[in-house]
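Below is one structure, written out as structure tokens, with a few remarks after it.
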Amino acid sequence: MIVADTGAIVALLDAGDRHHASLREIYMSDPDSWVLPWAVLPEVDYLVATQLGGKAEEMFLADLAGGAFGVEWGQESDLNAAKRICQQYADLQLGLVDGVVIATAERIGASAVATLDLRHFGAVTIAGQPKLLPRDA
């Protein structure tokens, strides 16, 4: 499974992003393996709407509703894990979304995390040591 962070999804949807081609190639090789944690959904929606426009937002919502991405709705334990992770790496100021992405990746035993946020994800030790895509592709 590949757990996706906000920036990776936005870049996947934005053909003008410098990471678009590599993320699209990774996604197209196994789209069913991609999982979006619930916490990234509002961020992706907001960024797509404000950066790519209403039509792109409509397309993202249609893809989401149509099953183009699996959504991991989480467990209560994810919030406790996210809190622990954010406290452990307090100097990074990870925040809820990054904490939930990491907690989700750890809980489901993800093989990779799709992220462009190497400042945060590259500094955190994630259980199972998933690859960071596209960096480790």
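Answer yes if at least one residue in the stretch 70-85 is of a type in the set (D, E, K, R), touching a Phe, Trp or Tyr at 6+ places or on another chain (Cβ under 7 Å) and closer than 27 Å to ARG24 by Cβ, and no otherwise.
From the stretch 70-85, those of a type in the set (D, E, K, R) are 72, 76, 78, 83-84; that's our starting set.
Pick out the ones that are also touching a Phe, Trp or Tyr at 6+ places or on another chain (Cβ under 7 Å) and you get 72.
Retained after the next criterion (residues that are closer than 27 Å to ARG24 by Cβ): 72.
Within the stretch 70-85 (the criterion being of a type in the set (D, E, K, R), touching a Phe, Trp or Tyr at 6+ places or on another chain (Cβ under 7 Å) and closer than 27 Å to ARG24 by Cβ), the answer is yes, since at least one residue qualifies.
Between ALA137, ALA123, which is at pLDDT below 95 and over 13 Å from the mean Cα position of the chain (by Cα)? Spell out the reasoning first.
On the way: ALA123 fails: at pLDDT below 95.
Exactly one of ALA137, ALA123 is at pLDDT below 95 and over 13 Å from the mean Cα position of the chain (by Cα), namely ALA137.
So GLY95 passes all but one of these: (1) of a type outside the set (S, T, N, Q); (2) over 14 Å from the mean Cα position of the chain (by Cα); (3) at positive phi. Which condition number does it fail?
The failed condition is (2).
Limited to the stretch 105-130, what total is found for residues that are farther than 19 Å from VAL10 by Cα and among the hydroxyl-bearing types (Ser, Thr, Tyr)?
The number of residues fulfilling the criteria is 2.
When LEU116 is evaluated against the numbered criteria (1) part of a helix (DSSP H, G or I); (2) farther than 18 Å from ALA127 by Cβ; (3) of a type in the set (A, V, I, L, M, F, W, C), which criterion, by number, is the only one it fails?
Of (1) part of a helix (DSSP H, G or I); (2) farther than 18 Å from ALA127 by Cβ; (3) of a type in the set (A, V, I, L, M, F, W, C), only one is false for LEU116: (1).
From the list VAL35, VAL44, pick out the single residue that is assigned to a helix (DSSP H, G or I), touching a residue at least 24 places away in the same chain (Cβ under 8 Å) and either at positive phi or surrounded by 12 or more Cβ atoms within 10 Å (Cβ to Cβ) (or both).
So the residue among VAL35, VAL44 that is assigned to a helix (DSSP H, G or I), touching a residue at least 24 places away in the same chain (Cβ under 8 Å) and either at positive phi or surrounded by 12 or more Cβ atoms within 10 Å (Cβ to Cβ) (or both) is VAL44.
Return yes or no: is GLY7 surrounded by fewer than 22 Cβ atoms within 10 Å (Cβ to Cβ), out of contact with any Asp or Glu (no Cβ under 8 Å at 6 or more places or on another chain) and either modelled with pLDDT of 95 or more or under 25 Å from ILE126 (Cβ atoms) (or both)?
no
Kindly indicate which of ASP45, ASP30 is under 18 Å from PRO130 (Cα atoms), among the acidic types (Asp, Glu) and within 16 Å of the chain's Cα centre (by Cα).
Being under 18 Å from PRO130 (Cα atoms), among the acidic types (Asp, Glu) and within 16 Å of the chain's Cα centre (by Cα) holds for just one of ASP45, ASP30, which is ASP30.
Among the candidates ALA21, ALA11, which residue alone is assigned to a helix (DSSP H, G or I) and touching a residue at least 24 places away in the same chain (Cβ under 8 Å)?
Exactly one residue qualifies, and that residue is ALA11.
What number of residues in the stretch 64-89 are of a type in the set (Asp, Glu), surrounded by 15 or more Cβ atoms within 10 Å (Cβ to Cβ) and over 14 Å from the mean Cα position of the chain (by Cα)?
Adding up the residues that qualify gives 1.
The values are calculated or read from the model by the stated rules, or taken from the named source; none is laboratory data. If you're wondering where the values come from, they're calculated on a predicted model, not measured in any experiment. For neighbour counting, all protein chains shown are included, and Cβ atoms are generated from backbone atoms with ideal geometry for every residue, glycine included.
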